[in-house]
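Just below is one structure, and these are the notes that go with it.
Every number in this text was worked out from the coordinates using simple rules, so none of it is lab data. Keep in mind the model is a prediction, meaning the values are calculated, not measured. Cβ atoms come from the backbone with ideal geometry, glycine included; neighbour counts cover every protein chain shown.
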């Protein structure tokens, strides 16, 4: 049984290991390092009015296109590889018309990028080919696309729109869907299906009595009806005239007239128009909606039309033409590759403004990182430009760009090494170099001012008391007393008695008291603030008393008594406050589980092997 559990446990470890095996994904970069400018035009195919921050005489109507033109340029240090993307977001006051894809080409017809317009996100996304990686110098790109006012987000009145570093001023008047007194017709390219146009018609908005009403609609430019899209209804007479189709959306249709329409077909059977013999109309509004296919050979940006006519025996009829301009987008690009190769890098400094010539950078041959080929300092804008390199032979040349660390303790230097490859080929006798960087060479340094606040206070107090007492008796009695106070508190008493035949009495009393108090206070301020306070206090008392007596009889008795009491008190108070602002410690990368997955896999395999061997051994027994 235990072998079964061991096997199951081993399999579990194996499964966990397999699940935890990392999945590698190669992700393209989104290009963000570029400069650009934008211009805006209103009704580009007819009036083509350029909108500026001073424009006051343009009244924009819904359904009439605006055209955005974006000019972008990229620094040579910005590497653009195949699959890299760039996203342009249009202002919130506008909508892209429909889904659209168009190429961005250079003058030779080479596709540099594919552009995709997405009306759901109102973005233009460029996906690059490998062209800019092969011809990487002086890269430029221009994108043009159409958009319309977002009626749901923009009210009538004067508007100021900011986009691409510019300001654009115009007046908006929302009259789309306005029916007038009798009829209204308009169309727009379908947002989700760019191959279709949606059409809307309102007849008899003024709710007049129209006898023998006949309505005819003809599709232009070889358009054909999208099967099942035609819907014709009428609405009961309302208290007031219908001013726009928006009013109809809240009403219930009275009659569905779709089946009453007579369809016109071409030789292939496709519907190219219809006629509605309505008859007598007692003030009802008639509403039409349908979609048409755009012919496959229609060019982007083309204008398509549909003609509407109606007639009545009681009121003069009318013929109107409705136009729809298809969304257009285009792009062009350019770049260069010179005979002379110039390697570049960029310097960024956090914490303060960068100064010209402040940092030094070296260019090395990849196989010799000891002796630099060139050294350069940064410009005021952070660019680092090495001298031109001209090649005489084809081949692949490898370089390394590094920053030479300085001695400024307030600077955290970047130690990254960037690898550069120059591929030199012969083009019509000219040695052309193609530069590629392993990653964008950007050196990032951090400035952190050194801030230190330090306070140190030291107090030393020393008190000494010493007492010595000595007594000497000669002949009869001699006594000597000495007292000395010194270092903290110390007391010593010594008594010596001696008897001699000499009659001499001598008494000597000496008292010495010394008190010394010393205070030293020093303050030192360096870099920021530093304070040191030191106090020393010393007190010394010394007393000596001596007595000598001498008589005929001599007796000597010596007694020595010493008592010492010593107290030393030293107080040192030190306060240091230091503040340093500097480069934050870089947090460690989060654990991904790859290592644990591998460990689980190995452990599972080991356990499985152990289980099999143990089972085999057990069977042999």
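Relative contact order of the range 211-351: what whole-number percent is it, with Cα pairs under 8 angstrom and at least 6 residues apart? Let's see the in-between values first.
Working: 221 pairs, mean separation 47.0, N = 141.
33 percent.
Pairs of alpha-carbon atoms within less than 8 angstrom and 6+ residues apart define the contacts here; what relative contact order does the range 164-271 have, in percent? Each step should come with its number before you reach the end.
Details: 105 pairs, mean separation 26.4, N = 108.
This gives 24 percent for the range 164-271.
Would you mind getting me the FRET efficiency between residue 211 and residue 380? Use the beta-carbon distance for r and R0 = 56 Å, nearest 0.05. Don't skip to the answer; put the middle values down first.
Numbers: r = 82 Å, r/R0 = 1.47.
In this case the efficiency is close to 0.10.
Hey, can you rank 351-357, 326-332 by average C-beta count inside 10 Å, highest first? Could you put the intermediate results ahead of the total?
Values: 351-357: 12.0, 326-332: 19.7.
Going from most to least packed, we get 326-332, 351-357.
On a full-extension model of 0.36 nm per residue, what is the gain between residue 246 and residue 229, subtracting their alpha-carbon distance, rounded to one decimal in nm?
Details: separation 17, 0.36 × 17 = 6.12 nm, distance 1.95 nm.
Here the segment from residue 246 to residue 229 would lengthen by 4.2 nm.
Along the Cα→Cβ direction, 7 angstrom out, place labels at residue 309 and residue 417. What is the inter-label distance in nm?
It is 8.3 nm.
Please give the contour-minus-distance gain from residue 173 to residue 61: 0.36 nm per residue of separation, less the Cα-Cα distance, rounded to one decimal in nm.
Values: separation 112, 0.36 × 112 = 40.32 nm, distance 0.55 nm.
Length gained between residue 173 and residue 61: 39.8 nm.
Using a cut-off of under 18 Å, list every residue of the range 319-363 whose amide N is near the label point 7 Å from the Cα of residue 390 along the Cα-to-beta-carbon line.
337-343
Where a ≥ b ≥ c are the square roots of the eigenvalues of the C-alpha gyration tensor, would you call the range 172-272 rounded, which needs a/c under 1.5, or, failing that, prolate if a/b is larger than b/c, or oblate?
oblate
Given the peptides 34-43, 192-201, arrange them by the average over their residues of other C-beta atoms within 10 Å, most packed first.
Output ranking for 34-43, 192-201: 192-201, 34-43.
Any idea what log10 I(q)/I(0) is at q = 0.17 Å⁻¹ for the range 337-425, Debye with uniform C-alpha scatterers and no solvent?
Listed by q, the Debye log ratios stand at -0.75.
Show me 251-259, 108-116 ranked by packing, highest mean number of other Cβ atoms within 10 Å first.
Working: 251-259: 12.7, 108-116: 15.6.
So the order, starting with the most tightly packed, is 108-116, 251-259.
Label points 7 Å out from Cα along the Cβ direction at residue 297 and residue 338: separation in nm?
With each label placed 7 Å out from Cα toward Cβ, I get 4.8 nm.
For residue 47 and residue 259, compute 0.36 nm times the residue count separating them, minus their Cα-Cα distance, and round to one decimal in nm. Please list the in-between numbers first.
Values: separation 212, 0.36 × 212 = 76.32 nm, distance 4.14 nm.
Taking residue 47 through residue 259 to full extension adds about 72.2 nm, to one decimal.
Using r as the Cβ-Cβ distance of residue 365 and residue 440, and R0 as 22 Å, what FRET efficiency do you calculate, to the nearest 0.05? Kindly include the intermediate steps, with their values, before the conclusion.
Numbers: r = 21 Å, r/R0 = 0.96.
After rounding to 0.05, the efficiency reads 0.55.
Among rounded, prolate and oblate, which fits the range 35-172 when a ≥ b ≥ c are the square roots of the eigenvalues of its C-alpha gyration tensor, a/c under 1.5 means rounded, and a/b larger than b/c means prolate? If you can, show how the numbers build up before the last one.
On the way: a/c = 2.34, a/b = 1.97, b/c = 1.19.
It is prolate, given that a/c is not under 1.5 and a/b is the larger ratio.
So if I take the centroid of the Cα atoms in the range 64-82 and the same for the range 251-296, what is the distance between those two points in Å?
Using only Cα atoms, the two centres lie 45 Å from each other.
Report the Cα centroid-to-centroid distance between the range 305-345 and the range 376-410 in angstrom, as an integer.
After rounding, the separation between the Cα centres reads 47 Å.
Give, in whole angstrom and from largest to smallest, the semi-axes √(5λ) of the equivalent ellipsoid of the range 248-341, with λ running over the eigenvalues of the Cα gyration tensor. Don't skip to the answer; put the middle values down first.
Details: eigenvalues 418, 57, 39 Å².
Working through the eigenvalues yields semi-axes of 46, 17, 14 Å.
Of the DSSP beta bridges with both residues in the range 35-172, give the percent that are antiparallel, rounding to the nearest 5. Kindly include the intermediate steps, with their values, before the conclusion.
Working: 47 of 49 bridges.
Close to 95 percent.
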